[in-house]
Amino acid sequence: MNGYITNEKDLRGEPMGSEVLSIILNSAENAFLQVGVFVGAVLLLFGYINYKQSGNFIRKIEESKKIQPILGALLGLTPGCGGAIFVMPLFVKGKVTFGTIIATLIATMGDSAFVIISTLPLEYILVSVISFIAAIITGYVVDYYHVGDKLLKNMNIITREEAHIINEKSDHNIINNESVEEFVHIGHDEGDEIDVILHHNAKGHQEHGTVAYEITHKGFIIYWGVLVIGLILGIMLLFQMDVNDLIIKDLGKIVGIGGTILSIILMIMSKKFIGDDTHEEAELKSISLKETIIHSASETAFVSTWVYLAYLIYEFGIFFLGKGNYGAGELIMTNLMTSAGLYAVLVGALIGLIPGCGPQVIFVALFTKGLVPFGALVANAISQDGDALFPLLVIDRKSSLWATIITTIPALIIGLIIYFIEMRMV
Ligand SMILES: [Zn+2]
Ligand SMILES: [Zn+2]
């Protein structure tokens with residue numbers, strides 16, 4: 001857990017205002033160079049795999065009834081929300097069981113997966129294995145008690161006629177100037193009830209021709225450029241090199257702070273605040289490689305901004321706890337967190353109730369800073385549903401409510417068990 005932005009010496013004797021400013025700037029530099037750039041690389045890699053695979057995988061899951069919860073859990077495990085987002089409408093269409101939905105959501109870690117893969121890969125593997133087992137068991141239990149039958153029976157889905165879009169032609173030609181023959185839906189068809197809800201009535205893709213669209217769909221090149229330079233610096237940092245003392249003086253500061261500023265701009269322009277992935281965008285990404293690269297930039301910007309927020313919380317927390325003395329603040333913070341470990345597990349599971357990846361990224365980033373016990377990370381990973389809950393939320397509120405509640409139960413049980421094992425080992 002190195003990489004503290006300010007040390008004691010820097011803070012002493014400086015006026016308050018400049019200390020605050022240095023925390024803001026140093027956190028920006030570190031959030032981007034220590035986490036953001038690696039998140040970008042991993043995110044693009046998995047974006048590409050999703051682009052190649054997600055359609056096939058969804059078809060497979062529809063065909064294999066018996067092992068659906070296992071396949072759902074596998075899809076949920078893939079970092080990000082793309083895979084899991086496609087599973088939700090399948091339940092409404094009667095193609096997968098509710099246990100499959102639960103298994104998928106339990107295994108899903110959303111975008112916070114990228115934060116932990118790129119900072120603590122071993123912990124990531126461990127938490128994935130645990131989530132995977134929890135997902136499969138819970139999925140089959142839910143199916144055994146036929147929880148989904150009742151939900152399906154009481155579901156009241158809006159039809160095309162009710163939505164008054166009978167004559168409206170497909171408005172999915174969002175990809176401009178590109179030779180995409182037709183919009184291929186994943187897990188549902190053009191003009192069906194899912195199309196009505198997820199493409200016409202829910203948050204989909206940005207409006208074509210708007211300023212925000214232009215900035216996100218053209219500015220992504222600049223963003224990836226800065227990210228590549230940042231990645232080189234980030235790797236140098238891993239080897240303990242001073243990136244602010246190279247040929248170009250303060251290069252680390254320039255790229256790090258610049259990268260965070262660009263991330264914030266891109267996040268605002270792509271109008272992503274709590275969640276960052278929608279069904280429509282996930283489908284677009286599976287059709288077009290260019291859209292994959294564009295939206296992976298927006299997603300990286302989203303995650304980087306939330307990581308920056310986590311860094312600010314961490315650094316200001318230490319600063320104020322220690323009344324300006326960094327070392328003292330750090331000690332108080334660590335003691336506070338160790339004594340509150342059990343509550344951290346509860347908090348982790350409860351944060352998981354919130355749909356969307358943003359709040360989860362904060363929690364996981366604090367784990368990478370050593371503030372949260374591993375049991376709490378597991379509780380959060382199991383409980384949280386990433387952005388995958390959003391499509392279900394707009395299709396059928398009741399199902400999504402039950403889904404997010406049910407995933408909290410194994411989160412608490414397993415999170416607490418692991419926490420107590422953890423405490424015994426120390
Ligand atoms: Zn669709
Ligand atoms: Zn797009």
Single residue of ILE362, ILE354 found to be assigned to a loop (DSSP other than H, G, I, E, B) and surrounded by fewer than 23 Cβ atoms within 10 Å (Cβ to Cβ): ILE354
Single match in PHE114, PHE46 (criterion: touching a Pro at 6+ places or on another chain (Cβ under 8 Å) and open to solvent by 40 Å² or more (accessible area, probe 1.4 Å)): PHE46
Scope segment 291-310; condition under 16 Å from LEU371 (Cα atoms) and open to solvent by less than 10 Å² (accessible area, probe 1.4 Å); matching residues: VAL307, ALA310
Close pairs from segment 284-296: first more than 16 Å from VAL39 (Cβ to Cβ) and assigned to a helix (DSSP H, G or I), partner among the aliphatic types (A, V, I, L, M) and near ligand 2 (Cβ under 9 Å from one of its atoms), Cβ under 6 Å, at least 6 apart: GLU291/LEU284
Check on ILE382, open to solvent by 10 Å² or more (accessible area, probe 1.4 Å) and touching a residue at least 12 places away in the same chain (Cβ under 8 Å): no
Residue match in segment 288-309 (condition: within 16 Å of ligand 2 (Cβ to nearest atom) and either among the acidic types (Asp, Glu) or touching a strand residue (DSSP E or B) at 6+ places or on another chain (Cβ under 8 Å) (or both)): yes
Long-range neighbours under 7 Å by Cβ, at least six apart or interchain, first residue over 23 Å from LEU71 (Cβ atoms) within segment 105-119, second open to solvent by 10 Å² or more (accessible area, probe 1.4 Å) and part of a helix (DSSP H, G or I): VAL115/THR368; ILE116/GLU123; ILE116/TYR124; ILE116/THR368; SER118/PHE38; SER118/VAL42; THR119/THR368
Positions within segment 284-337 being charged (D, E, K, R) and more than 27 Å from the chain's Cα centre (by Cα), in sequence order: LYS323, GLU330
Residue within segment 242-250 that is within 17 Å of GLY40 (Cα to Cα) and more than 16 Å from ligand 1 (Cβ to nearest atom) present: no
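Conditions (1) open to solvent by 20 Å² or more (accessible area, probe 1.4 Å); (2) more than 16 Å from ILE354 (Cβ to Cβ); (3) part of a helix (DSSP H, G or I), marked per residue:
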position	(1), (2), (3)
GLY370	yes, yes, no
PHE390	yes, no, yes
SER399	no, yes, yes
ALA403	no, no, yes
LEU416	yes, yes, yes
ILE421	yes, yes, yes
Answer residue from segment 324-342, given it is touching a residue at least 40 places away in the same chain (Cβ under 8 Å) and not in a helix (DSSP H, G or I) and is least open to solvent (accessible area, probe 1.4 Å) among those: GLY324
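The values are calculated or read from the model by the stated rules, or taken from the named source; none is laboratory data. Please read these numbers as outputs of a predicted model, since none were measured by experiment. Reconstructed Cβ throughout: ideal geometry from the backbone, glycine too, with neighbour counts over all protein chains shown. All accessible areas refer to the heavy atoms of the entire protein, side chains included, with ligands and DNA or RNA removed. Shrake-Rupley method; radii C 1.70, N 1.55, O 1.52, S 1.80 Å.
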